[in-house]
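The values are calculated or read from the model by the stated rules, or taken from the named source; none is laboratory data. All values reported here derive from a predicted model rather than from experimental measurement. All Cβ positions, even for glycine, are placed from backbone atoms using ideal geometry, and neighbour counts span all protein chains on display. Heavy atoms of the whole protein, side chains included, go into the accessibility calculation; ligands, DNA and RNA do not. Shrake-Rupley method; radii C 1.70, N 1.55, O 1.52, S 1.80 Å.
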Amino acid sequence: MLKTCAGLHVVAQTPFRADGAVDFDSIDTLSAFYYRHGAHGLLVLGVSGEAQMLTPDEAVAVAARFVAASGDRRIVAGVSSPSLAVLESVTRDVMSEGADGVMICPPGHVRTDEEIIGYFGAVFDRIGDVPVVLQDFPAASGVKMSVPLIGRLLERFPAIEVIKEEDFPSPPKISRLRAEMPRPVRILTGNNGMYLPQELERGADGPMAGFSYPEMLSGVYDLMQRDDRAGAHDLFNRYLPLLRYEAQGKWGIAIRKEMMRRRGALDCAILRQPAPALGEADLAELDFLVGRMDLPD
């Protein structure tokens, strides 16, 4: 059940060992780290979680380990794939392992409104009434979904229970979604949390984002829930230099993993190859940036 989604749902990293194999033990320490810092649940197998670098069997095994470490907290698994057969198979398997729902982003080959509606019709014919997070992320997918189109999808497919809104500009789109949706729906936001205070002010239910200091994301949400707008902005601004530094695509994920290794959440900061690796200049730059910010351990 995703209809009650609110608060921080961290986009979880996938830990790897130095040889590139999945580090399942670090999934346990990583999960504990996220929950200790305010996560209400996790999105696993997302873009930032390097899902595209996993085999389908690995993806299911990763999701299963996160479920086992969840303590009954909500786990959503990303299952987007250009192959409907793979999407169906991974959805079936992660749900059988105890996931609460799946996240789906339309593939780049569907462009028109009717093609997008037809695509989701084919998806739900295969996966049935599995609860779905609809990911609106045109910067990654190349697919632009208007507010009226999202409304049509919600009317036609009741299993869509959450929208992950990552279109630009996100704050006004969230306002329109709140005003124009044909039924109540939860809205979580991504974009690495870069616009979180404004998105919450426009009616988002929480972040579904990754950051090496998830306590900032959960803290901003909690302060906004208490109507402490100034406090939320002050907390956000304290972390903004590092948040911005991490918001650099796959290279930024390397920075995030290095920070989380330093904080004890991961044993190894490696990304599965091919992927960027941080050099001495990158690490020195990170040291200088973090040193000036006076952040907690």
Please give the per residue volume of the convex hull enclosing the alpha carbon atoms of segment 182-297, rounded to a whole number of Å³.
122 Å³
Count the DSSP beta bridges whose two residues both fall in the chain, then state the antiparallel fraction as a percent rounded to the nearest 5.
5 percent
Just check segment 249-297 against the gyration tensor rule for me: Cα atoms, a ≥ b ≥ c as the square roots of the eigenvalues, rounded for a/c under 1.5, and otherwise prolate or oblate depending on whether a/b exceeds b/c.
oblate
Over the chain, with a Gaussian network built from C-alpha contacts below 10 Å, which listed residue (R261, R65, R111) shows the highest mean-square fluctuation?
R111
Percent accessible area from carbon and sulfur atoms, the chain, protein chains only, probe 1.4 Å
51 percent
Backbone HN-Hα couplings from phi across segment 23-40 [Karplus 6.51/-1.76/1.60, Hz, Gly and Pro as x]:
9, 5, 5, 6, 4, 5, 5, 5, 4, 4, 4, 4, 5, 5, 9, x, 6, 8
Find out how many positive minus negative residues lie around E155, taking Lys and Arg as positive, Asp and Glu as negative, among other residues whose Cβ is under 15 Å from that of E155.
-1
Too long at a 19 Å Cα-Cα cut-off: which of K3/K164; K144/K164; K173/K257?
K173/K257
Rounded to the nearest 500, the 222 nm mean residue ellipticity computed for the chain from DSSP H runs (n ≥ 4, each -39500 (n - 2.57)) alone is -15000 deg cm²/dmol
What does the C-alpha gyration tensor say about the overall shape of segment 1-85? Classify as rounded when a/c is under 1.5, otherwise prolate if a/b is larger than b/c, or oblate.
oblate
Please list, in chain and number order, the residues 5+ apart from Q248 or on another chain whose amide H is under 5 Å from its amide H, with Hs placed from the backbone.
I253
When a/c is below 1.5 the answer is rounded, else prolate if a/b is larger than b/c, else oblate, so apply that to segment 216-284 with a ≥ b ≥ c taken from the square roots of the Cα gyration tensor eigenvalues.
prolate
How much accessible area per residue does the chain have, counting only protein heavy atoms and a probe of 1.4 Å, in square angstrom?
41 Å²
Between D57 and R226, what is the label-point separation in nm under the 7 Å Cα-to-beta-carbon projection?
5.0 nm
Taking amide hydrogens as modeled 1.01 Å from N in the peptide plane, which residues meet the under 5 Å criterion relative to L266, leaving out close sequence neighbours?
R261
Antiparallel bridge percentage (DSSP; both residues within segment 1-112; nearest 5):
10 percent
